[in-house]
């Protein structure tokens, strides 16, 4: 861009050399390639951009003509001849549509205004460097390829103002179709500050928001997870957790690992059994009328005993903290309970609350808050309080009613031969007998004890390996690497990040089955690109205070008024 120093140099009695630099824009994924038709002191040219970033312009024989601007108003059609050593350029452009439509920028600057790095001893002896003291950039589009041979390739350039079939604005709007990239720019699913307003009830009764779902991604941070948007549906809006969809309990398994880790049991291991000594009702509370936030007394039907101080969490995210100065006895009849309501609730809204279940045998190992005990018929009990190894009762939330004598399984230690690789928590190990062990604690190389939920007894030296089971959710990081930048000290534009890919396992599979290609075992978290897809993510499983991001849903539809 022109500056006062540049304008003064145009009238200088000692004319300076004009350096021409070229930039070829190949788009977001492949970045910008920079060339210079020569060398400066046997070095490539370095020039800072408007943000102060130093870029390298690599040597490539280029001949440019017909950049002159005519007085009759016609726009120039420059010719650009580029060297084609050993057909290298021919090979590069044949996969890119002969570069037609790509942007080429010509930058011109006086030699004396180049940065210090372009001169011996990194010192400009002619003037104070000023990369902004240059001619206005010439911006053109590649119009066509006019010649190609083993020595050079010639392109004809054209002004962006005279390209045919270009509509302004260029963005196309279609009825009931979203042009944004899912989880990317415009869509922003999973990248907003209010995404913890999303909540999902899984078929096993567990309640998850993004922070708790991605919790094992980085346990040391207050806000966990690489992306706060929980996978919701496939490209046909078939929901992952809905009974009418895939009906899965999603488990976050972090980044996809393609290799299996082998595990060998060290001694006989019996499955931990937890047996109840009485019948227990489902941990459900239902209000009989609507209430606004701040209410101190609500009328409910609670079939379970509730200990004073416990919190009822309703399906819409509202909570009620009991403060009865006494426990509540479960009953089929409606009764008033005292406490504090945080959030509005409508009539017949249901919620969950922790209850205490008595055991016929003391637990063998200590349990932590959040641990899940699985009973028959896929009934789950999630602890809301830790329990000692000698505990004879447990406090938590029960997804369905269970009879007396119900047997459940929980976390236990499993002795193994020393591990040969790390295994993250939540991963499943499937043994030769069919028994599975889901880790509740991450394990490292050399560990001889695993902690998790075991589904069956293990024999001594029984071998197992990590697998993915239905509901396991993984991420594949999308990063496009610019191979032309390898080995170069200036790593600008070496990579381009795109939205990460998320996949949900729908059938037991070994890790070597790549989710991107093995559709029998994996389903991609995809957007159907219609308004129902937005409703799945922004309405059905959340109450986002900011609504859809600006510009979405960016489609058109004919309306009759």
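Please find, within region 413-423, the residue that is farthest from the chain's Cα centre (by Cα) out of those that are surrounded by fewer than 18 Cβ atoms within 10 Å (Cβ to Cβ) and part of a loop (DSSP other than H, G, I, E, B).
Per the stated criteria, the residue is 417.
Okay, residues lined up against (1) in contact with a strand residue (DSSP E or B) (Cβ under 9 Å, 6 or more places away or on another chain); (2) surrounded by 16 or more Cβ atoms within 10 Å (Cβ to Cβ); (3) not in a loop (DSSP other than H, G, I, E, B):
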{"position": "294", "(1), (2), (3)": "yes, no, no"}
{"position": "309", "(1), (2), (3)": "yes, no, no"}
{"position": "313", "(1), (2), (3)": "yes, yes, yes"}
{"position": "336", "(1), (2), (3)": "yes, no, yes"}
{"position": "341", "(1), (2), (3)": "yes, yes, yes"}
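Looking only at region 259-272, count how many residues are assigned to a loop (DSSP other than H, G, I, E, B) and surrounded by 14 or more Cβ atoms within 10 Å (Cβ to Cβ).
5
Only one of 69, 81 is modelled with pLDDT under 85, in the same structural domain as residue 142 (by TED's automatic domain parsing) and either part of a loop (DSSP other than H, G, I, E, B) or more than 20 Å from residue 132 (Cα to Cα) (or both); which?
Details: 81 fails: modelled with pLDDT under 85.
Answer to the check: 69.
Is region 466-473 home to any residue that is surrounded by fewer than 17 Cβ atoms within 10 Å (Cβ to Cβ) and in contact (Cβ under 8 Å) with a residue 12 or more places away in the chain?
No, every residue in region 466-473 fails to be surrounded by fewer than 17 Cβ atoms within 10 Å (Cβ to Cβ) and in contact (Cβ under 8 Å) with a residue 12 or more places away in the chain.
Residues of region 245-258 being at pLDDT below 90 and surrounded by fewer than 15 Cβ atoms within 10 Å (Cβ to Cβ), which ones?
255, the sole residue that qualifies.
Looking at residue 50, is it assigned to a loop (DSSP other than H, G, I, E, B), under 39 Å from the mean Cα position of the chain (by Cα) and either under 16 Å from residue 137 (Cα atoms) or outside the structural domain of residue 137 (by TED's automatic domain parsing) (or both)?
The answer is yes for residue 50.
Let me spell it out: the conditions are (1) in contact with a strand residue (DSSP E or B) (Cβ under 9 Å, 6 or more places away or on another chain); (2) part of a loop (DSSP other than H, G, I, E, B), and residue 430 meets all of them except one. Which number is the exception?
Among (1) in contact with a strand residue (DSSP E or B) (Cβ under 9 Å, 6 or more places away or on another chain); (2) part of a loop (DSSP other than H, G, I, E, B), residue 430 violates only (2).
Does residue 225 satisfy being outside any strand (DSSP E or B), at positive phi and at pLDDT below 75?
In short, yes.
Taking the conditions exactly as written (assigned to a loop (DSSP other than H, G, I, E, B), on the phi > 0 side of the Ramachandran plot, free of Cβ contacts under 8 Å to residues at least 24 places away in the same chain and not assigned by TED's automatic domain parsing to the domain that holds residue 327), does residue 405 satisfy them or not?
No: the conditions fail for residue 405.
Kindly indicate whether any position in region 351-361 is without any contact (Cβ under 8 Å) to a residue 24 or more places away in the chain and at negative phi.
Within region 351-361, not a single residue is without any contact (Cβ under 8 Å) to a residue 24 or more places away in the chain and at negative phi.
Could we say that residue 92 is more than 27 Å from residue 17 (Cβ to Cβ) and assigned by TED's automatic domain parsing to the domain that holds residue 45 here?
Criteria met by residue 92.
The values are calculated or read from the model by the stated rules, or taken from the named source; none is laboratory data. Please read these numbers as outputs of a predicted model, since none were measured by experiment. Here the Cβ is made from the backbone with ideal geometry for all residues, glycine too, and neighbour counts use every protein chain on show.
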